[in-house]
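Before any comments, here is the structure.
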Amino acid sequence: MSAEKELRVRPIHNGTVIDRILAGQAMNVLKILGVKGAYSDVVTMAMNVPSKALGQKDIVKIENRELEEKELDKISLISPGATINIIRDFEVADKYQVELPEIVESMVKCINPNCISNTKEPVTSKFEVKKDPVQLRCIYCENIIMENIAEHLL
Amino acid sequence: MRFERRHIISMKDFTREEIDYILDRAAKLEPLARGGRSDLLAGKILALLFYEPSTRTRMSFETAMYRLGGNVLNLGSKEATSIVKGETLADMIRVVSTYSDAIVQRHPSEGSALMAAEFSLVPIINGGDGAGHHPTQTLLDLYTIRKESHLDNLDIAIVGDLKYGRTVHSLTYALSLYGANITLVSPPQLKVPDQIKADLKARGARVRETENLEEILDSIDVLYMTRIQKERFPDPTEYKKVAGAYKITTEYLRNVRDSMIIMHPLPRLYEIDSSVDTSSHARYFEQSFYGVPIRMALLTIVMGVEV
Ligand SMILES: Nc1ncnc2c1ncn2[C@@H]1O[C@H](COP(=O)(O)OP(=O)(O)O)[C@@H](O)[C@H]1O
Ligand SMILES: [Mg+2]
Ligand SMILES: [Zn+2]
């Protein structure tokens, strides 16, 4: 598919295009961005778009919004290859790949119900991040989250 | 070696050299542990924060402290303390660490000891954090093996509940530092979790698995038995079968190496028949005694006292 045809949906004036999202993760990206039922700006989402590099990918485009560090970190956990394209005045003004942090804090809930991070104690969850594939190891109880990371995002 | 004021949370925090250092110090203190009194820790206070029942761990820490001339502060019963009022562990640690020179803690949540270390002004010694770690048990196990058998070129079988048993995971990890040949013996439903196996292999441990205890009995130096708990089996007949298959009796021991020793973290249920207690192989009571010199060693180390 040519960029021409993709863009025909409706070009963004200012905002962010999250490209090369792991196919199937677009909905989770929207969740991370807090896009639920009612959202005031234009958001478009494409799923299973043919891609030379990935076979298939998802794309999310969101108007009038630049992402925060924490949102980028969360996206990196569920789709480490995603690229962020900052659109200003219809043009790609900046472009970078999300980057997996080495440690994520207060971002993911530990899967172990008996973990100290899941109690009323004044500690927040903390995980060490391993790449290829993404694995999260709780520093408190050492349980590892490898699957369905999106479901455990706080 | 820098140990003073260091927390003792998990065996993974130790190098082999550090473990050897602790075992050496325990050996020095063992005569004192057998009966005697010194003032190495005179004026020092150890706080015992046990949120879960414990006999051996708590009492051996108390004994260790008394033998070294120190004092012990006990949390007391749940009802008598502010735990019932819902005070957090974090607050408790902040307060108690201003009353004491070190804290031994047992708490039901995994990771509670690490969290406690974040809030404490004094060293935390983990006496068990749920299904997590119990490093002082592992250290006393290693001490027993070194003393009653040998740590180099060791052939050891670890038997029983290898899935939930917290002592087993830290023991296998520590043994891998010594290049031991480890045979894990368990029924299929109680095998060591894949994650832990992968972790051990990545650390170069030599591990194999079997369900058949008899087949390997004559080729090991140490037989480490653990409890198999009934609650793990939904089907009572299944439990009986498994419990029967891993029960050590004197008949079982006919073809074992003369020097083979039997260990158990205690309390035992039916895994070791009482007829075995008087055999030359039994070491489980010595093992529980060795908890005293090991804990004496740890206390002097974290409190920064030279021996
Ligand atoms: N004004 C715009 N409105 C909406 N989407 C845009 C706009 N500009 C670029 N894009 C999209 O942003 C992504 C990155 O654009 P570009 O850098 O041109 O392509 P690529 O990364 O594929 O080389 C593409 O998915 C493109 O369709
Ligand atoms: Mg393109
Ligand atoms: Zn955890």
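The values are calculated or read from the model by the stated rules, or taken from the named source; none is laboratory data. Computed from a predicted structure; not experimentally measured. Cβ placement follows ideal geometry from the backbone for every residue including glycine, while neighbour counts extend to all protein chains displayed. The accessibility values were calculated without ligands, DNA or RNA, using every heavy atom of the protein model including side chains. Shrake-Rupley method; radii C 1.70, N 1.55, O 1.52, S 1.80 Å.
Hey, could you check segment A:126-153 for residues that are within 9 Å of chain B (Cβ to nearest Cβ) and assigned to a strand (DSSP E or B) and say which is nearest to ligand 1 (Cβ to nearest atom)?
Out of the qualifying residues, it is A:144.
Kindly list the number of the only condition in (1) near ligand 1 (Cβ under 9 Å from one of its atoms); (2) at pLDDT 95 or above that fails for residue A:7.
All conditions pass for residue A:7, except number (2).
Do you know which residues across segment B:84-107 are open to solvent by 10 Å² or more (accessible area, probe 1.4 Å), within 26 Å of residue B:290 (Cβ to Cβ) and within 14 Å of chain A (Cβ to nearest Cβ)?
Correct list: B:106, B:107.
Only one of (1) away from chain A (no Cβ under 14 Å); (2) at positive phi; (3) at pLDDT 95 or above fails for residue B:111. Which number is that?
(1)
Would you say residue A:17 is over 30 Å from residue A:122 (Cβ atoms), within 16 Å of ligand 2 (Cβ to nearest atom), in a strand (DSSP E or B) and in contact with a Leu (Cβ under 8 Å, 6 or more places away or on another chain)? Can you show your working first?
Numbers: over 30 Å from residue A:122 (Cβ atoms): yes; within 16 Å of ligand 2 (Cβ to nearest atom): yes; in a strand (DSSP E or B): yes; in contact with a Leu (Cβ under 8 Å, 6 or more places away or on another chain): no.
Taking the combined requirement at face value, the residue does not satisfy it.
Which one is nearest to residue A:148 (Cα to Cα), of the residues in segment A:84-125 that are more than 13 Å from chain B (Cβ to nearest Cβ) and among the basic types (Lys, Arg)?
A:109
Within segment B:199-219, restricting attention to residues that are within 14 Å of another protein chain (Cβ to nearest Cβ) and open to solvent by less than 60 Å² (accessible area, probe 1.4 Å), which residue is modelled with the lowest pLDDT?
B:199
Taking segment B:126-145 on its own, how many of its residues are within 15 Å of residue B:56 (Cα to Cα) and among the β-branched types (Val, Ile, Thr)?
2
Checking residue A:89 against (1) of a type outside the set (A, V, I, L, M, F, W, C); (2) open to solvent by less than 90 Å² (accessible area, probe 1.4 Å); (3) within 16 Å of ligand 1 (Cβ to nearest atom), which test does it fail?
It is condition (2) that residue A:89 fails.
Pairs needed: first member in segment A:71-86, surrounded by 22 or more Cβ atoms within 10 Å (Cβ to Cβ); second member anywhere, among the hydroxyl-bearing types (Ser, Thr, Tyr); C-beta distance under 8 Å; at least 6 residues apart or different chains.
A:82/A:76
Restricting segment B:121-147 to residues that are within 11 Å of the chain's Cα centre (by Cα) and closer than 17 Å to residue A:142 by Cβ, which is surrounded by the most Cβ atoms within 10 Å (Cβ to Cβ)?
Step by step, filter segment B:121-147, then rank; the result is B:133.
Which condition breaks for residue A:25 when tested against (1) within 14 Å of ligand 1 (Cβ to nearest atom); (2) in contact (Cβ under 8 Å) with a residue 40 or more places away in the chain; (3) under 15 Å from the mean Cα position of the chain (by Cα)?
(1)
Filtering segment A:104-121 down to residues that are part of a loop (DSSP other than H, G, I, E, B) and open to solvent by 70 Å² or more (accessible area, probe 1.4 Å), which residue is nearest to ligand 1 (Cβ to nearest atom)?
My answer is A:109.
What are the residues in segment A:51-70 that are part of a strand (DSSP E or B) and open to solvent by less than 40 Å² (accessible area, probe 1.4 Å), if any? I'd like the intermediate steps shown before the answer.
Pass one, segment A:51-70, residues part of a strand (DSSP E or B): A:51, A:55-63.
Residues satisfying the conditions are A:51, A:57, A:58, A:59, A:60, A:61, A:62, A:63.
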